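Enquirer: I have a structure I would like to understand better, so I am pasting it below and will then ask my questions one at a time.
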Amino acid sequence: MADRIPILRMGDCLLVSVQVEMHDQLALTLQNDLTEKIVAARAKGVLIDISVLEMVDSFIGRMLGNIASMSKVLDAETVVVGMQPAVAITLVELGMELPGIRTALDVESGMELIRELIDGQDPDADDQD
Amino acid sequence: MNHPKTGRVADLVARAQQDILDDWIRQQLGQTGRGAGRISEAALRQQSTRFLEAFARAINGGLIYDAKAPRWDDLREVLKELSLSRAAQNFSTSETATFIFSLKQPLFERLRKEAGGADVDADIWSISTLLDTLGLYTSEAYQKAREEVINRQQEEMLELSTPVVQLWDGIVALPLIGTLDSARTQVVMESLLNEVMARRAKFAIIDITGVPTVDTLVAQHLLKTVAAARLMGVECLISGIRPQFAQTIVHLGIDLTQVVTKASLADAFSLALKKLQMAVVRLEGRPGRS
């Protein structure tokens, strides 16, 4: 359990930047850490940057979906940003279209999206829905 | 192999090469085939000369019917080049093979004349079989060359037919033309997603006006592309839905409600602009031009 993905706090948002290849144990640790941190920091938004992730399998895909659902239960919006084309294709080919996850192209537009969601500017009429 | 007899043919070809060549070229020019006008006399003469020289060299050591023997390497090289150039010039298979077969007549005539009444049937038979083999080899090489041309064109089409164009800051369009199959969808998907990544686009419009037929497979491919784009944070709009397409979709029971579809590219573009909170407006204070 030496490996750990850092979770940074930015106001009422949490920033997770995955800088290494995800393996199963790492994903589980992240899931634990993140849920605890959301509660501790009373975070309203979670931004997960996976722009350096080049390989995914169905487990990691499901993990991302789970994290989003768990955050939702804890009243925090999750946005996954920077998914590589190859990763997106793989997930779709695996039949994991992750309908529950909100996505954005990069960190900047991801933060904008989270801001909109938190500020409650009619979240139902959102672009990414 | 009967060496004295084949030796006679080899002698003849070596000795009377120029005369045979002249007869042969005259014969080929006389043929009114489809390919008659497509090759100049000079080029024909050059090809014929090269073939005959290689042929003379090859049969000098006795006849071997197996055209794959190492002694025929030279000749095969000449034939391969010939097939390649003829394939590129749109000659047909039989026209290409006739190049070899047409050598028979001048060669046999001269052989008969030189023999002066002696029996040349055996010679004619062996040389005829040999030329047949070479002719077949030529048509095979020709077909291979044509297949290469077709394969190359297919690949080029795959590359050419998937351009991604930028319509506006943040909006790209992918006009699809031609039938969508699995291989092509893969290329389309990859090039779209890579372009979106490179241009930081928020909207991608897939225009299918140029797709002639749609079936469940095509629809599924489209949906996959849309889903993959969504995972990257890009919204896909599908435009260019023709009435026929709409009917097919409903009849096949394909669910496209997850995707925004528009009848025309213009509609999709204006929707994308609207979502980016932009608008195209007429400039005021200027006299209208019409």
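Each reported figure results from applying straightforward, stated rules to the coordinates on display, with no laboratory input. Nothing here was measured: the structure is a model prediction, and the numbers come from that model. Ideal geometry is used to build each Cβ from the backbone, glycine not excepted, and the neighbour counts take in all protein chains shown.
Enquirer: Could you work out how far apart the two model spin labels at A:ARG4 and B:ALA183 are, taking each label as a point 7 Å from the Cα in the direction of the beta carbon, and quote it in nm?
Expert: Here the modelled spin labels are 5.2 nm apart.
Enquirer: Something else about it: Amide H of B:CYS236: which non-local residues (sequence gap of 5 or more, or other chain) have their own amide H closer than 5 Å, using H built in the peptide plane?
Expert: Result for B:CYS236 returns B:ALA204.
Enquirer: If you don't mind, there's one more thing I want to ask. Charges on Cβ only, +1 for Lys and Arg, -1 for Asp and Glu, centred on the Cα centroid of chain B; of B:ALA16, B:GLN277, B:ALA183, which one is farthest towards the dipole's positive end?
Expert: Positive-most Cα among the choices belongs to B:GLN277.
Enquirer: Further, regarding this structure: In whole percent, what relative contact order does chain B give with Cα contacts below 8 Å and a gap of six or more residues? Don't skip to the end; give the middle numbers.
Expert: On the way: 295 pairs, mean separation 37.1, N = 290.
Taking the mean separation of contacting Cα pairs over the length of chain B, I get 13 percent.
Enquirer: Suppose a student asked you for the relative contact order of chain A, using Cα pairs under 8 Å spaced at least 6 residues apart; what percent would you report? Numbers along the way, then the final one.
Expert: Working: 199 pairs, mean separation 29.6, N = 129.
Taking the mean separation of contacting Cα pairs over the length of chain A, I get 23 percent.
Enquirer: So what does the Cα-only Debye profile of chain B read at q = 0.07, 0.09 Å⁻¹, as log10 I(q)/I(0), no solvent term?
Expert: The computed values of log10 I(q)/I(0) come out as -0.53, -0.64.
Enquirer: Enter the per residue convex hull volume of segment B:87-206, computed from alpha-carbon coordinates, in Å³ rounded to the nearest integer.
Expert: Details: hull volume 14.7 nm³, N = 120.
Cα convex hull per residue, to the nearest whole number: 122 Å³.
Enquirer: Averaged over peptide B:192-199, how many Cβ atoms belonging to another chain are found within 10 Å of each residue's Cβ?
Expert: Values: counts 1, 7, 3, 1, 3, 8, 1, 1.
The shielding value for this peptide is 3.
Enquirer: Ok, one more. Rounded, prolate or oblate, given the Cα gyration tensor of segment B:135-199, with a/c below 1.5 counting as rounded?
Expert: Details: a/c = 4.08, a/b = 3.76, b/c = 1.08.
The shape class here is prolate.
Enquirer: Also, I was wondering about something else. What percent antiparallel are the DSSP beta bridges of the protein assembly as shown, to the nearest 5? Write down the numbers at each step before the final one.
Expert: Numbers: 7 of 33 bridges.
Within the protein assembly as shown, antiparallel bridges account for around 20 percent of the total.
Enquirer: Who wins for biggest fluctuation among B:THR185, B:THR248, B:THR98 in a Gaussian network model of chain B, springs between alpha carbons below 10 Å?
Expert: Checking each option, the largest mean-square fluctuation is seen for B:THR248.
Enquirer: If the viscosity is 0.890 mPa s and the temperature 25 °C, what translational diffusion coefficient in µm²/s does Stokes-Einstein give for segment B:3-156 when Rh comes from Kirkwood over Cα pairs? Present the calculation step by step, with values, prior to reporting the outcome.
Expert: Details: Rh = 16.1 Å.
Estimated diffusion coefficient is 152 µm²/s.
Enquirer: If you bin the C-alpha pair distances of segment A:7-118 every 10 Å from 0, what whole percents do you get?
Expert: 15, 52, 30, 3
Enquirer: With +1 assigned to the C-beta of every Lys and Arg and -1 to the C-beta of every Asp and Glu, and no other charges, what is the dipole magnitude of segment B:165-275 about the Cα centre in debye, to the nearest 20?
Expert: About 280 debye.
Enquirer: Can you tell me which of B:ILE238, B:ILE206, B:ILE254 moves the most in a GNM of chain B? Springs connect C-alpha atoms under 10 Å apart.
Expert: B:ILE254
Enquirer: If all Cα-Cα distances of the protein assembly as shown are sorted into 10 Å bins from 0 onward, what percent lands in each bin, rounded to whole numbers?
Expert: Percent of Cα pairs in each bin: 4, 17, 18, 12, 10, 10, 11, 10, 6, 2, 0, 0.
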